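See structure below.
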Amino acid sequence: MNPTPDETPLLEAQGLTKWYGRQLGCRDIGFALYEGEVLAIVGESGSGKTTLLQLLSGQLDPDAGSVRYRTRDGVLRDLAAMSEAERRFLFRTDWGYVHQDPTLGLRMAVSAGGNVGERLMAVGWRHYGRIRGAAAEWLDRVEIAQDRIDDPPRTYSGGMRQRLQIARNLVTQPRLVFMDEPTGGLDASVQARLLDLLRGLVEELALAAVIVTHDLAVARLLSHRIMVMKDGEVIESGLTDQVLDDPHAPYTQLLVSSILPA
Amino acid sequence: MPPVLELRAAQKSFTMHLQGGLRLPVVAGVDFSVAAGQCVVLAGPSGAGKSSILKMIFGNYRCDGGQILVHQGEAVTDVASAEPRQILALRRRLMGYVSQFLRAVPRVPALDVVAGALAIERGAREEARRGAAELLTRLHIPQRLWDVPPITFSGGEQQRVNIARGFLPERPLLLLDEPTASLDAENRATVIELIAEKKRHGTAIVAIAHDEDVRDAIADCVVDVTRFAKAA
């Protein structure tokens, strides 16, 4: 019997390993991510989280192991076997990438509407009115006032920039979004608003996502599953609430017990 | 008719690595089953492992051994050995859980907290909000609070929001952790009524209830967990 699309993973990693010279980036990482699933990768700085995210999104080549992605034709394809052009195409259409630093994910001197519209033009939209309309709708969804549509993001606050980056990523209706510390460096109240927004969008659009964060509260709020990394290896994984409420590995117990209650 | 839920020799302990690997046994040899329309109440003193058993059934705590079988027609899932995505699927369709305390999310108004899981299903948002409004009314949460995030609510109000959230979706299995602990007599009576309605609809229920009146009103069977704690 052929598996239904639901039973085939959207993204699959096997034995992913990366060295920076003699320094280990990450070692022997494997998992499968299914449609609509949100996976959080947690761990302290230097644990290999960002390396793993870059390997998964094809921005770094692994020294060993593979990443396979199920394209819209239903075929699981090895990222390493794709041409650079094909990977770029994926990035423009099927994938989103939300950087911790919004200046890396936005064009700071281009208007907000232009930042969102640019992604649509990259997938073939040509009608100016429709592009502007879609951009306006997305700015509204991420709670950016309509009268700021012509302002460039360098005039925006940190929280607004991050929301704009999210709009720019989601406007093309990607199936998979990578996020690197999406709430890092924001004030608590700004962070809460952004998290609430992300949570709603992820649920509503049934997005699959891989979120790197060192903040366990962010992981609990946004993710279904969690992988805990230490020194480049995954030391524990499972359902998010299970790993956080019943951690088994010594390091995970230390992480969970180190949170200061507000 | 097979039971909806069946526990066979389920066991659980904690190993506290930060306390030099101290092993805390919780329960062992947990055996009981719940049929459709039946309410099993877990009894025993505080710390005997009642909440832990509920969390094991919901997949929130991992089992060290044994089986926790959830039946749906011909299909059976063993929570004790299931993959995360199988447990997520069970939670979406089969299992509901009312925890002891509401874990409120900032900025989400009470009505949407209650409509929660149901509202995500496409096109069902308005219906979910209507159902949520009805339950909040029955549980005496005044309408002026519906658009307020429940973080600022009193303990009793938060608990009622939590109950409404757990009772709104129709799930074949419902887990209730002290649903009446901080409620007044009137609201306690409402919760007893809601439980009776669920039973009539064929919901299998596992509940923890310290209050004897509540226990007498809802229990078809009482399972003393003290023996499971002793076995651990």
**Q.** Using a Förster distance of 41 Å, the FRET efficiency for residue B:83-residue B:147 (Cβ separation, nearest 0.05)
**A.** 0.60
Q.
Show me, for the stretch A:94-105, the HN-Hα J-couplings you get by feeding each phi into the Karplus relation (A = 6.51, B = -1.76, C = 1.60, θ = phi - 60°), rounded to Hz, glycine and proline as x.
A. 8, 10, x, 9, 9, 7, 4, 9, x, 5, 7, x
Q | Long-range HN-HN contacts of residue B:80 with modeled amide H, under 5 Å | A | B:68
Q.
Sequence gap at least 6, Cα distance under 8 Å: using those rules, report the relative contact order of the stretch A:102-173 to the nearest whole percent.
A. 47 percent
Q) Rounded to the nearest 5, what is the percent of antiparallel bridges among the DSSP beta bridges in the stretch A:175-257? A) 55 percent
Q) Within the set A:49/B:12; B:50/B:199; B:55/B:198; B:55/B:199; B:199/B:230; B:198/B:230, which residue pairs have Cα atoms separated by over 29 Å? A) A:49/B:12; B:199/B:230; B:198/B:230
Q: Along each of the three principal axes of the Cα atoms of chain B, give the extent in whole Å, ordering the values from largest to smallest.
A: 50, 38, 38
Q) Do any trypsin sites (Lys or Arg not before Pro) in the stretch A:107-166 lie in a loop, going by DSSP, with at most 15 other beta-carbon atoms within 10 Å of their beta carbon, and if so which? A) A:107, A:126
Q. Shape call for the stretch B:115-232 from the C-alpha gyration tensor, a ≥ b ≥ c root eigenvalues: rounded (a/c under 1.5), prolate (a/b greater than b/c) or oblate?
A. prolate
Q. If you plug each phi of the stretch A:67-76 into the Karplus form 6.51 cos²θ - 1.76 cosθ + 1.60 with θ = phi - 60°, what whole-Hz ³J(HN,Hα) values come out, in order, with x for Gly and Pro?
A. 10, 10, 10, 8, 6, 5, 7, x, 9, 7
(Q) If you average the alpha carbon positions of the stretch A:78-116 and of the stretch A:135-196, how far apart do those two centres end up, in angstrom? (A) 15 Å
Q: Could I have the simple spin-label model distance between residue B:92 and residue A:23, label points 7 Å from Cα toward Cβ, reported in nm to one decimal?
A: 4.1 nm
Q.
Give me the percent relative contact order of chain B, please, defined on Cα pairs under 8 angstrom at least 6 residues apart.
A. 31 percent
Q) Which values, in whole Å and largest first, are the semi-axes of the equivalent ellipsoid of the protein assembly as shown obtained as the square root of 5 times each eigenvalue of the Cα gyration tensor? A) 41, 28, 21
Q) If the convex hull of the alpha-carbon atoms of the stretch B:1-51 is projected onto planes in all directions, what is the mean projected area in square nanometres? A) 4.5 nm²
(Q) As a test, work out the antiparallel percent of DSSP beta bridges whose residues both lie in chain B, rounded to the nearest 5. (A) 50 percent
Q) Residue separation times 0.36 nm, minus the C-alpha to C-alpha distance between residue A:203 and residue A:82: what's the value? A) 40.5 nm
(Q) Give me, ordered by chain and number, the residues 5 or more places off residue A:230 or on other chains with an amide H under 5 Å from its own placed amide H. (A) A:235
Q | Using alpha carbons only: equivalent-ellipsoid semi-axes of the stretch A:49-151, gyration tensor based, whole Å | A | 31, 17, 11
Q: Would you kindly compute the Cα radius of gyration of the stretch A:102-173 and its largest Cα-Cα separation (Dmax), both in Å?
A: 10.7, 31
(Q) Can you give me the angle between helix A:112-122 and the longest principal axis of chain A, using Cα atoms only, in degrees from 0 to 90, rounded to the nearest 10? (A) 70 degrees
Q) Where does chain A land at 222 nm, in deg cm²/dmol rounded to the nearest 500, when only DSSP H runs of n ≥ 4 count, each adding -39500 (n - 2.57), divided by all residues? A) -11000 deg cm²/dmol
**Q.** Surrounding net charge for residue B:5, when Lys and Arg each add one and Asp and Glu each subtract one, Cβ distance under 13 Å
**A.** -1
Q | Under the Karplus curve 6.51 cos²θ - 1.76 cosθ + 1.60, θ = phi - 60°, whole-Hz ³J(HN,Hα) for the stretch A:172-185, x wherever Gly or Pro sits | A | 8, 6, x, 9, 9, 10, 9, 10, 10, 6, x, 10, x, x
**Q.** Local electrostatic count at residue B:33 - Lys and Arg +1, Asp and Glu -1, tallied over other residues with Cβ under 15 Å
**A.** -3
Q. Under unit Cβ charges (Lys, Arg +1; Asp, Glu -1), what dipole magnitude, rounded to 20 debye, does the protein assembly as shown have relative to its Cα centre?
A. 780 debye
Q. Restricting the count to DSSP beta bridges whose residues both fall in the protein assembly as shown, what percent are antiparallel, rounded to a multiple of 5?
A. 55 percent
Q. Once amide H atoms are built 1.01 Å from N in the peptide plane, which residues 5 or more positions from residue B:65, or in another chain, come under 5 Å H to H?
A. B:11
Q. Given that compact globular proteins tend to follow 2.2 N^0.38 Å, what is the ratio of the alpha-carbon Rg of the stretch A:83-208 to that value?
A. 0.99
Q | On Cα atoms only, tilt of A:158-170 relative to the major axis of chain A in degrees | A | 90 degrees
Q.
Just to confirm the number: angle between the C-alpha axis of helix A:188-205 and the first principal axis of chain A, 0 to 90 degrees, nearest 10?
A. 90 degrees
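Quick note: the coordinates plus some simple rules give every number you see, no bench work behind them. Source: prediction; values computed, not measured. Positions of Cβ are backbone-derived with ideal geometry, glycine not excepted, and every protein chain shown enters the neighbour counts.
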